[in-house]
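J.: One structure coming up, written as structure tokens, with questions to follow.
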Amino acid sequence: MSEIYRLSVVEGPGGAAVARIEGEIDLASAPTIGADLAAQIGRGVQAIDLTDVEFIDSAGVRMLVELARAAQEDRPLIAIVAPVGSTARRMLELTGIEPLFTVLDSAAALPTRAT
């Protein structure tokens, strides 16, 4: 089975830890991505960069909502990087889940690392 996504953690502007996802978030990958992201958020990741997500379906949206709910209960608000016009941004807008996150147009807009 070929990998349909890649998740990496990088240091963003200002030192913020950013989880970058590339590829597809769908029924097959969303559970694994969600578990990986939850673990990374627990380790201090402050943002999820969806700039290079080529496809996201309802399972991906559900995964993001679950992460937002967990963040509201236990952790600070998660920032989502999703440029205007991107696949991920359109899905956030169409499903109405944008208000659950701080949605940024680029990683350059990330806040300075929280201490």
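The values are calculated or read from the model by the stated rules, or taken from the named source; none is laboratory data. In this text, all values refer to a predicted model and were calculated from it rather than measured experimentally. Cβ coordinates were reconstructed from backbone atoms using ideal geometry, including for glycine residues, and neighbour counts include every protein chain displayed. Remember, those area values only see protein heavy atoms, side chains included, never the ligands or the DNA or RNA. Shrake-Rupley method; radii C 1.70, N 1.55, O 1.52, S 1.80 Å.
J.: Could you tell me whether Pro83 is open to solvent by 60 Å² or more (accessible area, probe 1.4 Å) and within 20 Å of Thr95 (Cβ to Cβ)?
T.: No, not satisfied.
J.: Out of the residues in the range 15-43 meeting the condition of being in contact with a strand residue (DSSP E or B) (Cβ under 9 Å, 6 or more places away or on another chain) and open to solvent by 30 Å² or more (accessible area, probe 1.4 Å), tell me which one is farthest from Val103 (Cα to Cα).
T.: Thr32
J.: I'd like the full set of residues that are open to solvent by less than 60 Å² (accessible area, probe 1.4 Å) and modelled with pLDDT under 90, limited to the range 1-14.
T.: The answer is Ile4, Gly12, Pro13, Gly14.
J.: Could you grab me the full set of residues in the range 8-24 that are in contact (Cβ under 8 Å) with a residue 60 or more places away in the chain and among the β-branched types (Val, Ile, Thr)? Break it down into steps so the answer makes sense when it comes.
T.: Of the residues in the range 8-24, the ones in contact (Cβ under 8 Å) with a residue 60 or more places away in the chain are 12-18.
Hit for the range 8-24 is Val18, nothing else.
J.: Follow-up question, since we're still on this one. Val84 passes all but one of (1) among the aliphatic types (A, V, I, L, M); (2) assigned to a loop (DSSP other than H, G, I, E, B); (3) within 19 Å of Arg6 (Cα to Cα); which number fails?
T.: Only one criterion in (1) among the aliphatic types (A, V, I, L, M); (2) assigned to a loop (DSSP other than H, G, I, E, B); (3) within 19 Å of Arg6 (Cα to Cα) is unmet by Val84, namely (3).
J.: Just need a number here: residues in the range 57-76 that are surrounded by fewer than 13 Cβ atoms within 10 Å (Cβ to Cβ) and either under 21 Å from Ala16 (Cβ atoms) or modelled with pLDDT under 95 (or both).
T.: If we filter the range 57-76 for residues that are surrounded by fewer than 13 Cβ atoms within 10 Å (Cβ to Cβ), which is where we start, we get 58, 69, 72-74, 76.
From what is left, the residues that are either under 21 Å from Ala16 (Cβ atoms) or modelled with pLDDT under 95 (or both) are 69, 72-74, 76.
Qualifying residue count, the range 57-76: 5.
J.: I'm trying to understand the selection: among the residues of the range 36-56, which are within 12 Å of the chain's Cα centre (by Cα), farther than 14 Å from Gly23 by Cα and of a type in the set (A, V, I, L, M, F, W, C)?
T.: Leu37, Ala38, Ile41, Val45, Ala47
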